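J.: Below is the structure I would like to discuss, written out as structure tokens.
Each reported figure results from applying straightforward, stated rules to the coordinates on display, with no laboratory input. Everything numeric here is computed off the predicted structure, so don't read it as measured data. Ideal geometry is used to build each Cβ from the backbone, glycine not excepted, and the neighbour counts take in all protein chains shown.
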Amino acid sequence: MGGRPLLEWAAASLQDPLGRELAAAVQWWTLPGLPEQWPVAVLGQGEPLLLLHGFDSSLLEFRRLAPLLASRAQLFIPDLFGFGFSPRCHDGPYSPAGVLAHLDALLEAIAGLDTRPVGVIGASMGGAVAVELARRRPERIRRLLLLAPAGLTGRPKPLPPLLDELGVWFLSRPAVRRGLCRQAFADPETSVGPAEAEVASLHLRTPGWADSLRRFARSGGFAGCGSPLPAQPLQVLWGTNDRILRPPLKRAAMALLGARVMELEDCGHLPHLDQPNQVAASW
């Protein structure tokens with residue numbers, strides 16, 4: 001199944017009811033300068049707010065946060081270029097440049113609906129994407145909230161051929177997916193069950209998933225994106241139980257961010273899933 005049928009299935013059949021509701025809010029947009037149509041969940045009323053998911057994830061990771069923000073913001077939740085349920089083509093630019101070009105087009109489309117500057121919430125790799133986007137489009141981005149941001153420090157590390165294929169094969173293994181899902185939460189024994197594992201793996205069935213992920217890994221991905229920090233107001237929430245980002249990278253990012261960081265107890269790498277109420281209150 002392609003991305004659209006998968007999301008239609010998700011809207012009717014996901015075990016997680018909040019996941020079903022978010023999948024049902026997906027629209028397929030034609031974006032300036034890009035072929036195909038692109039999935040964007042649109043819900044709520046108020047100031048425009050863009051939510052950006054993390055690496056090898058999908059828009060469904062915001063299923064718990066979206067209902068808490070929709071009463072005071074109009075949410076635009078896309079799948080990043082080459083990720084989630086977005087369309088793939090064999091020769092697509094699956095790299096940070098491709099991700100940002102897609103978001104440039106998305107910001108233009110949002111401006112056609114609401115000309116006010118957009119707030120941005122970026123989770124994990126989406127935090128680095130948000131920072132890059134804010135520097136790139138300062139006139140369109142009003143403020144940022146980063147959730148356990150990844151990619152702010154360090155250097156890009158392109159995976160060479162064969163290693164990129166091995167990495168993608170590894171990430172496709174069901175046991176690995178389940179393990180990563182558990183590792184992302186502060187208390188996997190009470191927080192992770194079949195519904196969470198289903199959401200974390202559904203997008204792997206999108207045609208082109210392996211090829212786009214392999215090409216993105218070969219590009220080196222997002223790294224060293226934090227300096228200089230953008231001029232817009234910026235907050236950061238980070239779980240004290242984050243077991244996804246390696247400690248040296250977390251320490252380097254927190255040194256860069258300074259007093260902008262608030263740490264959350266009993267929270268892992270996904271504050272928007274572990275503590276969505278706290279994230280909504282912070283925004």
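J.: Per residue, how much space in cubic angstrom lies within the convex hull of the C-alpha atoms of region 129-188?
T.: So the per-residue Cα hull volume is 136 Å³.
J.: Right, here's the next one. What ranking, highest mean first, results for peptides 102-110, 39-47 when packing means the other Cβ atoms within 10 Å averaged over each residue?
T.: 102-110, 39-47
J.: Which shape class, rounded, prolate or oblate, goes with the chain when its Cα gyration tensor gives a ≥ b ≥ c as root eigenvalues, a/c under 1.5 marks rounded, and past that a/b bigger than b/c marks prolate?
T.: Verdict is rounded for the chain.
J.: Once amide H atoms are built 1.01 Å from N in the peptide plane, which residues 5 or more positions from R72, or in another chain, come under 5 Å H to H?
T.: Sorted by chain and number, the residues that satisfy this are Q45.
J.: Follow-up. With Cβ to Cβ distances under 10 Å as the rule, what net charge do the other residues near A223 carry (K, R +1; D, E -1)?
T.: Local net charge: +2.
J.: Can you order the peptides 254-264, 154-164, 211-221, 52-62 by their average number of other Cβ atoms within 10 Å per residue, highest first? Please report the intermediate quantities before stating the final value.
T.: Numbers: 254-264: 14.0, 154-164: 12.1, 211-221: 20.4, 52-62: 25.8.
With the highest mean Cβ count within 10 Å placed first, the list reads 52-62, 211-221, 254-264, 154-164.
J.: From the phi angles alone, apply the Karplus equation (6.51, -1.76, 1.60; θ = phi - 60°) to region 229-245 and give each ³J(HN,Hα) in whole Hz, x where the residue is Gly or Pro.
T.: So the J values, rounded to whole Hz, are 5, x, 6, 5, x, 9, 10, 9, 10, 9, x, 5, 9, 5, 10, 8, 7.
J.: Between beta-carbons, use under 13 Å as the cut-off and find the net charge around G239, counting Lys and Arg +1, Asp and Glu -1.
T.: -4
J.: Can you list the residues, at least 5 places off or on another chain, whose amide H is less than 5 Å from the amide H of G239, using H built in the peptide plane?
T.: A148, L264
J.: I've got another one for you. Of the options S219, W38, I244, report the single residue whose Cα projects farthest towards the positive end of the charge dipole of the chain (beta-carbon charges: Lys, Arg +1; Asp, Glu -1).
T.: Among S219, W38, I244, the one farthest towards the positive end of the dipole of the chain is S219.
J.: Residues with beta-carbon under 11 Å from that of L133, excluding L133: net charge, scoring Lys, Arg +1 and Asp, Glu -1?
T.: Neighbour charge sum, excluding L133 itself: +2.
J.: Based on the alpha-carbon gyration tensor of region 30-124 and its eigenvalue square roots a ≥ b ≥ c, which shape applies: rounded if a/c is under 1.5, prolate if not and a/b is larger than b/c, or oblate?
T.: Here region 30-124 falls in the oblate category.
J.: While we're on this one: Under unit Cβ charges (Lys, Arg +1; Asp, Glu -1), what dipole magnitude, rounded to 20 debye, does the chain have relative to its Cα centre?
T.: Numbers: 28 positive and 26 negative charges, 126 e Å.
The dipole of the chain has a size of about 600 debye.
J.: Each label point is 7 Å from the Cα along the Cα-to-Cβ direction; what then is the distance between the points at W169 and D187, in nm?
T.: 3.9
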